[in-house]
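One structure is given here, and the rest of the page talks about it.
Bear in mind these aren't lab numbers, they're just calculated from the coordinates by the rules spelled out. Quick caveat, the model's predicted, so the values are computed rather than measured. Heads up, the Cβs are rebuilt from the backbone with ideal geometry, glycines too, and the neighbour counts pull from every protein chain shown.
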Protein chains: 2
Amino acid sequence: MRAPYGLNILDNCLTCPVREEHLFCNLSVHAGQRLNEIKSTAVYPKGAMLFIEGQQPRGVFLLCTGKAKLSTSSREGKTIITKLSEGGDVLGLNAVISNRPYEVTAEMMEPGQANFLPRDSFLQFLKEYGEVALRVAEQLSRNYYTAYEEIRTLGLATSPSEKFAKLLLSWSTKTPQNDGSSQVKLTLTHEEIAEIIGTTRETVSRLFSEFKKKQLLQLKGSTLLIRNRTALEKIVQS
Amino acid sequence: MRAPYGLNILDNCLTCPVREEHLFCNLSVHAGQRLNEIKSTAVYPKGAMLFIEGQQPRGVFLLCTGKAKLSTSSREGKTIITKLSEGGDVLGLNAVISNRPYEVTAEMMEPGQANFLPRDSFLQFLKEYGEVALRVAEQLSRNYYTAYEEIRTLGLATSPSEKFAKLLLSWSTKTPQNDGSSQVKLTLTHEEIAEIIGTTRETVSRLFSEFKKKQLLQLKGSTLLIRNRTALEKIVQS
DNA sequence: GAGGGTGCGTGATGACAATCACACGGATGA
DNA sequence: TCATCCGTGTGATTGTCATCACGCACCCTC
């Protein structure tokens, strides 16, 4: 038996985008109700930290609106951004399941709303509802694939231009246009982009100039126009 | 109810090392019996591929004896080794759970034995035994942490020497001696080490020379003596 | 013992990106 | 209106590592 639309946990979080693969969609009525009892909702300002790398796992965050960046840093202060999360994403799941410290810091990049599921009740809930445990496993394996993609990017792509092209392509596939180009609202600073592809701010600036010159992209204000996907793909596999 | 020693799936695989955190240890009697029905055992020679990156997931491999290396390659032929697996490890779990192609190639580095659990029966089994699904989730999150450690290594450690030191330390912690040093049997070629830390064979050769000169390590035949852990740790965080 | 394959050491060279440095423009706020 | 901060562009310099190249040692097998 499936919960009819309107009983889902996500409906208390009105703007939450519903995804096919979403962890908490299409649960049974009982499971959905139980989840609703467990959860608490809060609004976070820009710059708020949902959790910080190294902290003991308090619980799972279900991001409803807003964007968050997940990052990890070395002692010397070098930081890499490993994922940009949007509404619908589940944050902190790995840490909670394995009862290890959060492996990343989750910081809100713009104000947003999130549901919080405390660790203990969440784990108890999973024990009660085996069906959901399998869903969690699936979500974890998706997380794993994302991490693996990251490994491939960092380990196999040598030059910054290759990684930059890869990043642009990942943005471009999200917003395909009929003519092969695509538009993205650029909300990241060069510094943040550098932290994603593992290089320096200056190099990112130079990459933008270079790619503009090569007609690969165009900037109008904060709107990024990706012009030539196939050329980017050539850079990636070069 | 727990399976008494002797009913465990692993017992058909005599030399299989039993680990506390192992996926299939301490299952209920029923679950253990069911697993035993599902599994089939085979022996693999050195160089055998359990599965190859990009293949549709056929099932899960439970490595009993021998070692395997997990690797991924780019189209241009650059390869990185992401994990060295030993007896007790579960291979291919992520691909099977998420029904995506294997994300790595698993190649036997020395002859060994493995249990194979075909995808369909394994997933069916998980649906029947929710307890095990949660264990699988835990295993997946462990895999995830390993992957994340890899990301940190590749993304945060800039110089090859730092990554090399990190690798040596990871070996050294497995075989601690009373005086702070440790001995490891070096079974990898320089080429393979290069593929682990993401550099070239030549650089690895030079790193060995350099570290020998600095009294950080010593080589007697194929026995690697790691002499100065603290110095290595300084290089890592430098 | 000759020959081929594989793994290892090491020199020379060049490219490329990190680093440092500074200038500019647009916000924001006193 | 001016000061300040932040994000950005871009030059000059330097160190580091990948690359190419070659020689050597070892272990097979014929």
A:Glu202 being within 30 Å of B:Ser141 (Cα to Cα) and either within 12 Å of DNA strand D (Cβ to nearest atom) or of a type in the set (D, E, K, R) (or both): no
Scope region A:142-182; condition within 16 Å of DNA strand C (Cβ to nearest atom), of a type in the set (Gly, Ala, Ser) and assigned to a loop (DSSP other than H, G, I, E, B); matching residues: A:Ala157, A:Ser159
Single residue of region B:183-197 satisfying the filter (surrounded by fewer than 22 Cβ atoms within 10 Å (Cβ to Cβ) and more than 9 Å from DNA strand C (Cβ to nearest atom)) that is nearest to the other protein chains (Cβ to nearest Cβ): B:Thr187
Count of residues meeting criterion [under 15 Å from the mean Cα position of the chain (by Cα) and farther than 16 Å from B:Val60 by Cα] in region B:113-137: 0
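Condition check ((1) within 11 Å of chain B (Cβ to nearest Cβ); (2) acidic (Asp, Glu)) across all residues:
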residue: A:Gly87; (1), (2): no, no
residue: A:Ser98; (1), (2): yes, no
residue: A:Glu103; (1), (2): yes, yes
residue: A:Tyr129; (1), (2): yes, no
Residue pairs meeting the criteria (Cβ under 7 Å; at least 6 apart or on separate chains; first closer than 11 Å to B:Ile80 by Cβ, in region B:186-197; second outside any loop (DSSP other than H, G, I, E, B) and within 11 Å of DNA strand D (Cβ to nearest atom)): B:Ala194/B:Arg201; B:Ala194/B:Thr203; B:Ala194/B:Val204; B:Ile197/B:Pro160; B:Ile197/B:Lys163; B:Ile197/B:Phe164
Hits in region B:60-75 - residues which are within 26 Å of B:Asn36 (Cα to Cα), among the small types (Gly, Ala, Ser) and part of a strand (DSSP E or B): B:Ala68
Pairs, first touching a residue at least 24 places away in the same chain (Cβ under 8 Å) in region A:225-238, second among the acidic types (Asp, Glu), C-beta under 7 Å, six or more apart: A:Ile235/A:Glu162; A:Val236/A:Glu162; A:Ser238/A:Glu162
Selection within region A:198-238 - among the basic types (Lys, Arg) and more than 13 Å from DNA strand C (Cβ to nearest atom): A:Lys212, A:Lys213, A:Lys214, A:Lys220, A:Arg227, A:Arg229, A:Lys234
Failed item, numbered, when B:Glu150 is tested on (1) touching a residue at least 12 places away in the same chain (Cβ under 8 Å); (2) of a type in the set (D, E, K, R); (3) more than 16 Å from DNA strand D (Cβ to nearest atom); (4) surrounded by fewer than 19 Cβ atoms within 10 Å (Cβ to Cβ): (4)
